[in-house]
1. How many residues does segment 122-144 contain that are within 16 Å of ligand 1 (Cβ to nearest atom) and over 23 Å from Q458 (Cβ atoms)?
2. Look at L369 and say whether it is hydrophobic (A, V, I, L, M, F, W, C), surrounded by 16 or more Cβ atoms within 10 Å (Cβ to Cβ) and under 26 Å from C197 (Cβ atoms).
3. Name every residue in segment 236-256 that is surrounded by 24 or more Cβ atoms within 10 Å (Cβ to Cβ), hydrophobic (A, V, I, L, M, F, W, C) and closer than 23 Å to D322 by Cα, in order of residue number.
4. Of the conditions (1) in contact (Cβ under 8 Å) with a residue 12 or more places away in the chain; (2) small (G, A, S); (3) surrounded by fewer than 16 Cβ atoms within 10 Å (Cβ to Cβ); (4) touching a strand residue (DSSP E or B) at 6+ places or on another chain (Cβ under 9 Å), A355 satisfies every one except a single condition; which number is it?
5. Mind listing just one residue for me: the one in segment 138-157 that is touching a strand residue (DSSP E or B) at 6+ places or on another chain (Cβ under 6 Å) and away from ligand 2 (no atom under 12 Å from the Cβ) and, of those, farthest from A183 (Cα to Cα)?
6. Got at least one residue in segment 110-129 being away from ligand 2 (no atom under 16 Å from the Cβ), free of Cβ contacts under 8 Å to residues at least 40 places away in the same chain, out of contact with any strand residue (DSSP E or B) (no Cβ under 9 Å at 6 or more places or on another chain) and over 25 Å from A240 (Cα atoms)?
7. Take the conditions within 16 Å of ligand 2 (Cβ to nearest atom), among the hydrophobic types (A, V, I, L, M, F, W, C), modelled with pLDDT of 95 or more and under 23 Å from the mean Cα position of the chain (by Cα) and apply them to A251. Does it pass?
8. Looking at R339 and the list (1) more than 16 Å from ligand 2 (Cβ to nearest atom); (2) charged (D, E, K, R); (3) more than 30 Å from P11 (Cβ to Cβ), which single condition is not satisfied?
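The values are calculated or read from the model by the stated rules, or taken from the named source; none is laboratory data. Not measured: the values here are computed from a predicted model. Note that we place each Cβ from the backbone using ideal geometry, even for glycine, and neighbour counts take in every protein chain shown.
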Amino acid sequence: MRYISTRGQAPRLGFEEALLTGLARDGGLYVPETWPQLGKAAQARLAGQPYGAVAAQVMRPFVGRSLAGKALQGAIAEAYGTFRHQAVAPLVQIDEGLWLMELFHGPTLAFKDVALQLLGQLYDRVLKARGERITVIGATSGDTGSAALEACRDRAAIDIFILHPKGRVSEVQRRQMTTIDAANVHNIAIDGSFDDCQDLVKAMFNDQAFRDRVNMAAVNSINWARVLAQVVYYVTGAIALGAPHRAVSFAVPSGNFGNVYAGYAAKSMGLPIERLIVGSNRNDILTRFFSSGAMKITRVTPSLSPSMDIQVSSNLERLLFDLFDRKGEKLAAAMQEFRRSGHFTAPQRHWGRVAKTFHAHRLDDRQTLAAMRDVHRRTGMLVDPHSAIGLAAALDARRSAAKSATPIISLATAHPAKFPDAVEQATGIRPALPSHLAHLMSARERLTDLPNDLARVQDFVLANTRLGHNR
Ligand SMILES: Cc1ncc(COP(=O)(O)O)c(C=O)c1O
Ligand SMILES: N[C@@H](CCOP(=O)(O)O)C(=O)O
């Protein structure tokens, strides 16, 4: 399996190189050259198998000859051994046609653990075998950061720097990052939005001298391995509800479009996914895109679902690559124009297929609180604001579908205790943190405040990574 850049100008890479490269050298994102197919017989064979076994079979064609022997299975076993639920991604039935997939049983209580616990294991094995070190630099609106730090803390071959928007993540999310006491962990609070943090990370990748000097690697979903790990729960969910014999739809609260793109990847592999339902908060660039085919960047506005306070959704570029018939040069020109003007219109050729697959729905904070309250009233369950947006989008899609018999799995992306203020505001109940995080609100915090200034952030990284001086 080879990986190609969405902008057509970077070298084709194998899995290991794509894992370590992150953003392609032409500014694009790596995607598989072709989609391996998971045929009906192969899907049927996966029924009833444990999560780890399904993960190994789904990922193997993408990993190719890397992580040979039992290395991939070993990484998977260690990664998911940290989860508090054996099923890793259990399903809970809400009504006759709607299921919630709980993706928050990992160490940091968000779906990011599913991919990042594995990424930490993969980095460990690959770096050890190659005798290399990396500097990981990532951006977070709250959840990627804590999951990445937890996965990379104390690893001998990794220094990790996480940029978060100052004052714009929940207190639990911030403390999950800043209370980690490990010499290789560095938290930076940027005076700006998540999009500013993500732009800084991409600018560091696009500074070739800098990225080479620190051997820069990515934990965000620009890294293909992140997306790949997320494909697995679409497979387990669909099979649990009857694939390959029955189609299923997924509802996904979306921000950077990594999670729902993993669903698109699963569909491209032959899984019978009817619709991918995208939920947004008031930062609704994705809803506007799927409703009209046009995108216009507006200012990021803080909301009750801070992890989705994003306007420039990185992974949309991977979908657009297909809409541009996989012509990287054309997409590169369109993306440059988008960054210059803030406007983008999708080519019409494949729009019918996109409109048939994707359905998008937007909720403001008031509607999000109402959705959380409604789930609690109907089922007794507490859901976090992001998961509530997914559920409300699922219900909206069901109402608007001509044939609504297809079951929907709505992805619960965070534990309610990560957002106790919003949950309490909606339901009057303040969810408690699980016992392994009981120390969180009293532990000492370590973080550095920096302005939204590329040179200042690069100087900080160079001064603190163990790779900054010796190259
Ligand atoms: C809890 C939660 N829900 C939803 C999202 C949006 O996911 P994605 O960025 O993959 O679209 C995020 C952030 O990524 C998140 O942390
Ligand atoms: N919502 C994310 C934003 C970063 O997205 P990623 O999937 O590209 O890492 C977060 O919680 O940090």
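1. Residues flagged as within 16 Å of ligand 1 (Cβ to nearest atom) and over 23 Å from Q458 (Cβ atoms) within segment 122-144 amount to 2.
2. Working: hydrophobic (A, V, I, L, M, F, W, C): yes; surrounded by 16 or more Cβ atoms within 10 Å (Cβ to Cβ): yes; under 26 Å from C197 (Cβ atoms): no.
In short, no.
3. Within segment 236-256, F250, A251, V252 meet the criteria.
4. Going through (1) in contact (Cβ under 8 Å) with a residue 12 or more places away in the chain; (2) small (G, A, S); (3) surrounded by fewer than 16 Cβ atoms within 10 Å (Cβ to Cβ); (4) touching a strand residue (DSSP E or B) at 6+ places or on another chain (Cβ under 9 Å) one by one, A355 breaks only (4).
5. If we take residues in segment 138-157 being touching a strand residue (DSSP E or B) at 6+ places or on another chain (Cβ under 6 Å) and away from ligand 2 (no atom under 12 Å from the Cβ), then C152 is farthest from A183 (Cα to Cα).
6. There is at least one residue in segment 110-129 that is away from ligand 2 (no atom under 16 Å from the Cβ), free of Cβ contacts under 8 Å to residues at least 40 places away in the same chain, out of contact with any strand residue (DSSP E or B) (no Cβ under 9 Å at 6 or more places or on another chain) and over 25 Å from A240 (Cα atoms).
7. So A251 does not fit the description; no.
8. (3)
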